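Data first, discussion second: the structure below is written as structure tokens.
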Amino acid sequence: MTKTPVHRLLHPTRLLINLTGLAGSSNTTGDDQKKLDVIGNDIFVSAMRGSGKCRILVSEEEEEVIKFDEHPNARYAVVCDPIDGSSNLDAGVSVGTIFGIFQLPDEILGAGKTVGPEALLLPGTQMVAAGFTMYGASAQLVITMRGGGVQGFTLENSLGEFILTHPNMQLPPKRSIYSVNEGNSSYWDKWCTEYFHSLKFPAEGKPYSARYIGSMVADAYRTLLYGGIFAYPADSKTPKGKLRILYECAPMAMLFENAGGMAVNSRMERLLSVVPESIHDRSGVFLGSKDEVQKVIDTYNKYH
Ligand code: P6P
């Protein structure tokens with residue numbers, strides 16, 4: 001029997017055919033897991049384990065906290081969405097990995113000490129670093145914040161290295177672009193409906209442009225780059241909101257605040273101050289240019 005040559009087995013088409021589609025399972029928050037969700041999660045878990053620096057890990061794809069008891073003195077806790085936006089994968093839409101890093105208090109570290117999920121029920125202000133990667137058709141990016149500015153790196157394929165292409169990213173204070181899934185508008189609160197209506201039918205000036213990809217990293221990156229506002233409001237369909245506090249809202253809020261923007265929840269509270277009730281807790285989110293988020297707050301305050 002003739003053996004199939006290796007290059008035929010590894011042919012991109014073959015790999016792609018095998019890697020798209022559903023994995024036949026669902027994650028902790030009920031989303032259908034794509035094959036790349038599972039693979040991305042496995043890669044992230046093994047990378048955190050192998051680093052020797054991570055004590056516990058929260059992943060969107062894992063019901064429970066992952067504890068690396070083999071590293072009892074590791075000082076960091078990591079939260080991540082391994083492949084955010086994966087529901088769009090088969091359509092070739094940019095997806096990415098969102099992560100946040102917390103430093104654990106010394107008193108809970110050391111051999112024999114147990115560290116549980118309660119160690120991560122913290123506000124995003126406690127993070128020491130945050131960032132996301134974006135795997136897009138035009139470029140692969142890493143956007144990070146550690147101790148101050150927001151830095152953007154782009155993969156230079158010929159070198160196989162990430163180059164600092166967007167040093168100290170800063171959002172413009174305003175930009176007439178809004179990004180929200182308008183398919184949910186029948187579920188929005190009255191103040192929220194009025195806010196988006198005011199962008200589309202302004203009393204003066206031109207209407208805003210609408211841009212919505214449905215992949216948070218892609219929508220957030222565009223908003224970080226051009227300005228405007230990204231929103232996923234809590235509404236009558238998702239009273240707590242859809243996006244997860246620990247590994248979607250908080251890391252993005254840290255990046256936007258450090259890039260001169262703002263990030264609030266559906267009660268206009270600073271997103272970075274919100275403490276999750278559980279590791280997969282959710283929140284409404286409005287994040288973007290400072291003046292644009294202030295318009296949301298002003299409209300909300302007319303009703304409360
Ligand atoms: P909808 C992707 O599934 C995700 O978690 C975020 O990346 C994205 O912003 C949001 O959900 C899109 O949700 O309901 O508009 O498809």
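The values are calculated or read from the model by the stated rules, or taken from the named source; none is laboratory data. Nothing here was measured: the structure is a model prediction, and the numbers come from that model. Note that each Cβ is placed from the backbone with ideal geometry, even for glycine, and that neighbours are counted across all protein chains shown. Ligands, DNA and RNA are stripped out before the accessible areas are found, and what is left, the full protein with its side chains, is counted by its heavy atoms. Shrake-Rupley method; radii C 1.70, N 1.55, O 1.52, S 1.80 Å.
A few notes on this one:
- Accessible area per residue, Å², the chain with all protein chains present, probe 1.4 Å: 48 Å²
- Exposure check, 1.4 Å probe, all protein chains in place: Ile177 carries approximately 20 Å² of accessible surface.
- Cα gyration tensor, the range 105-222 - rounded (a/c under 1.5), prolate or oblate: oblate
- DSSP beta bridges fully contained in the range 172-304 are about 70 percent antiparallel.
- Rounded tilt (10° steps) of 290-303 against the dominant C-alpha axis of the chain: 60 degrees
- Considering all different alpha carbon pairs of the chain, the Kirkwood hydrodynamic radius works out to 20.4 Å.
- Magnitude of the charge dipole for the chain, about its Cα centre and with charges confined to Cβ atoms of Lys, Arg (+1) and Asp, Glu (-1), is about 600 debye.
- By accessible area, using a 1.4 Å probe on protein heavy atoms only, the chain has 54% of its surface on carbon and sulfur.
- Counting only Cα atoms, the size of the range 158-234 along its three principal axes is 51, 27, 17 Å, in decreasing order.
- Separation of the range 228-304 from the range 125-171 is 22 Å, based on Cα centroids.
- Acute angle (nearest 10 degrees) that the helix 216-226 long axis makes with the longest principal axis of the chain, alpha-carbon atoms: 50 degrees
- Helical mean residue ellipticity (222 nm; -39500 (n - 2.57) per DSSP H run of 4+; nearest 500) of the chain: -7500 deg cm²/dmol
- The listed residues Tyr212, Tyr178, once ranked by accessible area (1.4 Å probe) with the largest placed first, stand as Tyr212, Tyr178.
- Label-point separation in nm, Glu194 to Asn181, each point 7 Å along Cα→Cβ: 2.6 nm
- GNM top mover of Leu199, Leu159, Leu243 - the chain, alpha-carbon springs below 10 Å: Leu159
- Value of relative contact order over the chain, rounded to a whole percent, pairs C-alpha under 8 Å and six or more apart: 16 percent
- Rounded to the nearest 10 degrees, the angle from helix 190-200 to the longest Cα principal axis of the chain is 90 degrees.
- In the range 169-237, taking the dipole from charged Cβ atoms about the Cα centre, the farthest positive-side position among Ser179, Thr223, Pro233 is held by Thr223.
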